[in-house]
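Visitor: Take a look at this one; I'll ask things after.
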Amino acid sequence: MSIAHGVKLLGVLGAGQMGTGIAFVSALRAKVPVLLHDKSKDQVARGLALMDKLLSKDVAKGRIQSNEAQEARDRVRVVDALDDMYDVDMVIEAVSENLDLKKTVFRSFSEKLRPDAILATNTSSISVTKIAASVVPEGVSAASAEGQAATGRVVGLHFFNPVPVMKLVELISAVQTTPETLARARAFAEACGKEVTTSQDVPGFVSNALLMPFINEAIMCLEKGVATRDDIDKTFRLGMNHPMGPLQLADFIGLDTCLAIQKTLYTGTSDSKYRPSVLLERMVDAQWLGKKSGKGFYEYTDD
Ligand code: 3HC
């Protein structure tokens with residue numbers, strides 16, 4: 001039996017690539033009003049500019065009417081403080097991959113949001129169970145009814161970059177997540193036009209547990225001189241019909257993000273197959289972070 005998501009007002013925390021994309025599909029496809037918050041005003045301005053560009057392109061391509069674009073744009077409201085966000089039915093957190101930061105944010109939302117509101121994280125590899133555990137109120141046992149009510153509404157909603165284009169959302173069930181939270185989160189992702197797969201809360205979930213060793217092996221091939229950068233990528237573009245080869249994809253995701261996910265996989269499993277390559281570590285040391293910094297395995301200009 002399908003269940004309604006019940007989201008009449010959504011909060012999106014973080015206006016980077018992921019947060020902006022999530023706000024965009026929520027406003028345009030799910031037609032849900034969105035409150036968007038980021039502590040950086042520049043980040044918000046860049047996010048809104050990207051949304052305007054994407055909406056104009058959809059109108060120019062005849063996919064939507066201009067009034068639909070305007071309505072979608074009007075559904076997104078920027079709020080300057082977290083305090084302005086506490087009336088939402090669901091919050092999707094898309095801040096940087098830092099467990100302490102996520103814990104702080106979740107604790108504050110958990111204290112203020114209505115009891116039936118959902119707390120979703122777009123984490124790409126951090127344990128959703130750990131994040132959920134952080135919302136247990138002070139002095140309350142995690143296993144008590146009150147503790148389980150607090151943690152049962154935390155869920156992972158892992159979107160893929162670029163969010164408006166990629167068709168998948170990976171739904172992550174923490175140990176504590178209730179079936180109702182899972183069903184509502186799934187219904188919301190579907191309302192955003194996404195297909196949904198489910199993963200248990202293991203390091204990297206299904207997607208990054210498989211993708212990151214692949215990217216890492218490609219970097220090791222380059223490191224060992226097995227093949228050139230272009231031949232490694234061409235092998236996958238032409239031999240397997242991947243839209244991007246693994247090195248280009250690593251640049252696209254961000255080499256710092258790839259390294260952070262690989263470290264989470266390695267420490268979370270102690271399995272040597274997840275050990276990040278030295279070359280990846282050194283490139284991040286050099287701040288060659290891929291597309292976003294203008295240099296990674298490839299060079300990028302602004303246009
Ligand atoms: N935001 C929104 N839309 C974008 C976009 C962006 N950042 N970048 C590209 N697009 C849109 C374009 O506007 C275009 O839309 P249109 O068909 O309406 O005109 C469409 O995507 C195709 O773009 P282009 O023609 O410019 O370029 P390509 O055909 O080369 O496609 C791509 C670009 C969609 C990025 C494609 O190369 C691709 O699918 N690459 C693989 C991406 C991927 O694997 N993403 C997952 C990364 S892993 C992840 O996110 C998980 C995390 O946890 C690490």
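No value in this document is a laboratory result; all are computed from the given coordinates. Here the structure is a predicted model, which means the values were calculated and not measured. Reconstructed Cβ throughout: ideal geometry from the backbone, glycine too, with neighbour counts over all protein chains shown.
Visitor: Measure out, as a whole number of angstrom, how far apart the alpha-carbon centroids of segment 134-149 and segment 200-223 sit.
Guide: Measuring centre to centre over Cα atoms gives 34 Å.
Visitor: Sort all Cα-Cα distances of segment 20-127 into consecutive 10 angstrom bins from zero, then give the percent of pairs in each bin up to the one containing the longest distance.
Guide: Pairs per bin, as whole percents: 14, 42, 32, 11, 1.
Visitor: Still on this structure, please answer the following. If you find the alpha carbon centre of segment 76-125 and of segment 32-52, how far apart are they in angstrom?
Guide: If we compute the Cα centre of each part, the gap is 15 Å.
Visitor: I'd like the orientation of helix 41-60 relative to the chain: the angle between its Cα long axis and the longest Cα principal axis, in ° from 0 to 90, rounded to 10.
Guide: Taking the Cα atoms of the chain, the angle to 41-60 is about 80 degrees.
Visitor: Project the alpha carbons of segment 251-303 onto their principal axes and report the range along each, largest first, in whole Å.
Guide: 41, 16, 14
Visitor: Let me ask you something else. Could you work out the per residue convex hull volume over the alpha carbons of segment 217-265, in cubic angstrom?
Guide: So the per-residue hull volume is 76 Å³.
Visitor: So if I place +1 on the C-beta of Lys and Arg and -1 on the C-beta of Asp and Glu, and nothing else carries charge, what would the dipole magnitude of segment 181-303 be about its Cα centre? I want it in debye, nearest 20.
Guide: So the magnitude is around 260 debye.
Visitor: Same structure again: Give me Rg over Rh for segment 150-246, both radii from the alpha carbons and Rh done the Kirkwood way, two decimal places.
Guide: That ratio is 1.11, to two decimals.
Visitor: So what are segment 172-303's ellipsoid semi-axes, whole angstrom, largest first, if each one is the square root of 5 times an eigenvalue of the alpha-carbon gyration tensor?
Guide: With the √(5λ) rule applied to segment 172-303, the semi-axes are 30, 18, 15 Å.
Visitor: If a/c stays under 1.5 just call it rounded; otherwise compare a/b with b/c (prolate if a/b is bigger, oblate if not). Do that for the chain, with a ≥ b ≥ c from the square roots of the Cα gyration tensor eigenvalues.
Guide: Oblate, since a/c reaches 1.5 and b/c is not below a/b.
Visitor: I've got another one for you. Can you tell me, using C-alpha contacts under 8 Å and at least 6 residues apart, the relative contact order of segment 214-274 as a whole percent?
Guide: In percent, rounded to a whole number, it is 23.
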